[in-house]
Amino acid sequence: MYARAPIAMDVDSQRIPAPEAQRARALDSLGVVMEAAARADETFELAARRLDPSLVDVLRILGFDKDYVTARGSYVYDGDGRAYLDFHTGEGFASLGHNNPDVAEVLHAVLGAALVDGVQIHYSPLAGMLAEGLTQRLPAGLDAVFFASTGAEAVDSAMKFARAATGRPRLVSCVSGFHGVTLGPLSLVGDEFFKEGFGPLVPGCELVPFGDLASLEAALRKKDVAAFIVEPIQGRAVALPPAEYLRAAQDLCRRYGTLFVIDEIQTGLGRTGRWFALEHWSLQPDFVLVGKALSGGYVPVAAMVTTRAIHNEAVGTLERSYVHQSTFGRNRLSMAAGLATLRIIERDGLVEHAERIGTLLRDGLADLQRRYEIIKEVRGKGLMLGFELRPPKSRVARVSWRLMQMASEGLFPQLIVIPLHRDHGVITMAAGKNNVIKLLPPLTVTEEEARSFLQALDAVLRDCETDAGKNWGVVRDIAVSAMSGRHRPKRR
């Protein structure tokens, strides 16, 4: 149940898709791409030796250590021409599908124009145009933009600007929230797993339960909180807020003089069936943070958008004009990719498309939930969906489930993730140390591709209904290996 791509042999007998092989030879005068193709067999050896061997171990355990050679649209392709339907897209990074040709065309045009790119010494019209495009799609008053390279950098910028604008030291975020793993954003993350070993973190950061207004008000009551930072939909487990929570949280922030920061790094730019998820609740935040999808899957770019008044309080004087900068934040390729992405989403009606295909997927998942006891809950909006698993009722399967939980929290979803990839050529990902599988297909995913995913998931779930199914055995073996320490990173 998988597709094959047209492939061609390059000079080093590495299989890469046509016509990319011919184009690569013409443009690659320094031989970088051709050498990478020739050394494809060394990929994981190089990664284990020079990058992160523990991640290499994880990929091998899960069967994700494939020789991927190219990607196009909703698919990535291995060296044998097998197509894998990508419902993860790098946590939503490849929002327009892999290697979107229209974005690539814009990037080639910008490089061909030999534009100035010393972002510290000048402003490019591209940066102003992208800032204009973002602010036009956000609530009125959000008209000051700071460009960065990563979502974490955008979060860090909001932390700094909020403190500078209010003169207050404390920052509040939510349990189970995720805002990045650099030291500032990590201090806001609501999962201790990510923080272990990295302390002390930024002081003055506090967590409150997501959806708990009483706890939030208690935290704000002293009037020393600079900002409340929250994801409109928590990305780790695709957790939606109670119906009135975000509006009420916004009102509490106004009452106590706290700035209201909406982290749309994963939810923004059409992902939830709106340009920004804040539209589902008619929010008017003081900051909106944008990232991941902004480049359409090509280059690092993120943005912090705030009001002119807040911006000027933080950096709005001649003396402070250089106190907060980002070396590559306004670079020409990032700005051009962001502009192309906004225009493609608009031109192709991808916001509405995400809502329509998201409804199809959600309805299909709900039908599977009715048929298979292992699915506990389906949740999400647009093309940001998750389904949570629960332990089966049969005695034998529950023993296996307990073994998986003892070995590692978050191992249980591999019962679904591994066979989807191995047997059906579908890439999904467990949402973390929980029992949630998160779906983030490209905004360009077709109805046919969505139905193909549902058919593959149906087949995997059917096998999981049987205690003796092969998928149980695979994950049990991983659990036993993990508990024995064979797959733990070696201490050096």
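The values are calculated or read from the model by the stated rules, or taken from the named source; none is laboratory data. The structure displayed is predicted, hence computed values, not measured ones. Methodologically, a virtual Cβ is constructed for each residue, glycine included, from the backbone with ideal geometry; neighbour enumeration extends over all protein chains shown.
Among the residues making up segment 237-263, a single one is among the charged types (D, E, K, R) and in contact with a helix residue (DSSP H, G or I) (Cβ under 6 Å, 6 or more places away or on another chain): 247. Residues in segment 151-189 that are in a loop (DSSP other than H, G, I, E, B) and buried (at least 21 other Cβ atoms within 10 Å of the Cβ): 177, 178, 179, 180, 187, 188, 189. If you go through segment 137-146 one residue at a time, do you hit one that is touching a Leu at 6+ places or on another chain (Cβ under 7 Å) and assigned to a helix (DSSP H, G or I)? No, segment 137-146 contains no residue that is touching a Leu at 6+ places or on another chain (Cβ under 7 Å) and assigned to a helix (DSSP H, G or I).
Of the numbered criteria (1) under 21 Å from residue 377 (Cα atoms); (2) surrounded by fewer than 23 Cβ atoms within 10 Å (Cβ to Cβ); (3) modelled with pLDDT of 95 or more, the one residue 232 fails is (2).
Filtering segment 174-225 to residues that are under 17 Å from residue 289 (Cα atoms), in contact with a Lys or Arg (Cβ under 8 Å, 6 or more places away or on another chain) and of a type in the set (A, V, I, L, M) leaves 186, 189.
For segment 247-260, the count of residues that are under 29 Å from residue 385 (Cβ atoms) and of a type in the set (A, V, I, L, M) is nonzero. Condition check: surrounded by fewer than 20 Cβ atoms within 10 Å (Cβ to Cβ) and either in contact with a Cys (Cβ under 6 Å, 6 or more places away or on another chain) or at positive phi (or both). Does residue 349 satisfy that? Considered against the rule, which asks whether it is surrounded by fewer than 20 Cβ atoms within 10 Å (Cβ to Cβ) and either in contact with a Cys (Cβ under 6 Å, 6 or more places away or on another chain) or at positive phi (or both), residue 349 comes out as yes. Selection of first residues in segment 172-186 that are assigned by TED's automatic domain parsing to the domain that holds residue 292 and of second residues that are among the acidic types (Asp, Glu) and modelled with pLDDT of 95 or more, restricted to Cβ pairs under 7 Å at least 6 apart or on distinct chains, gives the following pairs, ordered by first then second residue: 172/206; 177/231; 179/263; 182/156; 184/156; 185/156. Taken over segment 248-305, the criterion of being touching a residue at least 60 places away in the same chain (Cβ under 8 Å), among the basic types (Lys, Arg) and in a helix (DSSP H, G or I) is satisfied by 292 alone. Taking the numbered list (1) surrounded by fewer than 20 Cβ atoms within 10 Å (Cβ to Cβ); (2) among the hydrophobic types (A, V, I, L, M, F, W, C); (3) in contact with a strand residue (DSSP E or B) (Cβ under 7 Å, 6 or more places away or on another chain) in turn, residue 456 passes all entries but (1). Here 329, 380 are screened, and the one residue that is at pLDDT 95 or above and either under 19 Å from residue 297 (Cα atoms) or not assigned by TED's automatic domain parsing to the domain that holds residue 145 (or both) is 380. Counting only residues that are part of a strand (DSSP E or B) and either touching a residue at least 24 places away in the same chain (Cβ under 8 Å) or outside the structural domain of residue 385 (by TED's automatic domain parsing) (or both), which one in segment 410-455 is nearest to residue 362 (Cα to Cα)? The extreme case among them is 439. May I ask you to verify whether residue 213 is hydrophobic (A, V, I, L, M, F, W, C), surrounded by fewer than 18 Cβ atoms within 10 Å (Cβ to Cβ), in the same structural domain as residue 154 (by TED's automatic domain parsing) and at pLDDT 95 or above? Yes: the conditions hold for residue 213. Residues that are among the aromatic types (Phe, Trp, Tyr) and farther than 18 Å from residue 232 by Cβ within segment 172-213 comprise 193, 194, 198, listed in sequence order. Being in a helix (DSSP H, G or I), out of contact with any Pro (no Cβ under 9 Å at 6 or more places or on another chain) and either of a type outside the set (Lys, Arg) or modelled with pLDDT under 95 (or both) is a condition met by at least one residue of segment 386-395. Looking at this structure, is residue 91 more than 26 Å from the chain's Cα centre (by Cα) and assigned to a helix (DSSP H, G or I)? Taking the combined requirement at face value, the residue does not satisfy it. Filtered by the rule that a residue be in contact (Cβ under 8 Å) with a residue 24 or more places away in the chain and crowded, with 16+ Cβ neighbours inside 10 Å, segment 54-72 gives 57, 61, 62, 64, 69, 70, 71, 72.
For segment 138-149, the condition of being crowded, with 22+ Cβ neighbours inside 10 Å, under 27 Å from residue 73 (Cβ atoms), assigned by TED's automatic domain parsing to the domain that holds residue 316 and modelled with pLDDT of 95 or more holds for none of the residues.
Here segment 236-247 is the region considered, the condition is being aliphatic (A, V, I, L, M) and surrounded by 16 or more Cβ atoms within 10 Å (Cβ to Cβ), and the residue that is nearest to residue 383 (Cα to Cα) is 238. Residue 328 satisfies every condition listed in (1) more than 22 Å from residue 133 (Cα to Cα); (2) surrounded by fewer than 20 Cβ atoms within 10 Å (Cβ to Cβ) except (1).
Condition check for residue 313 on (1) among the charged types (D, E, K, R); (2) touching an Asp or Glu at 6+ places or on another chain (Cβ under 9 Å); (3) in contact (Cβ under 8 Å) with a residue 60 or more places away in the chain; (4) over 19 Å from residue 354 (Cβ atoms): one failure, at (2).
For segment 190-206, the tally of residues that are touching a residue at least 24 places away in the same chain (Cβ under 8 Å), touching a helix residue (DSSP H, G or I) at 6+ places or on another chain (Cβ under 9 Å) and either surrounded by fewer than 19 Cβ atoms within 10 Å (Cβ to Cβ) or outside the structural domain of residue 268 (by TED's automatic domain parsing) (or both) stands at 3.
Please go through segment 430-449 and give me each residue that is modelled with pLDDT under 95 and out of contact with any Asp or Glu (no Cβ under 8 Å at 6 or more places or on another chain), ordered by number. Within segment 430-449, 430, 431 qualify.
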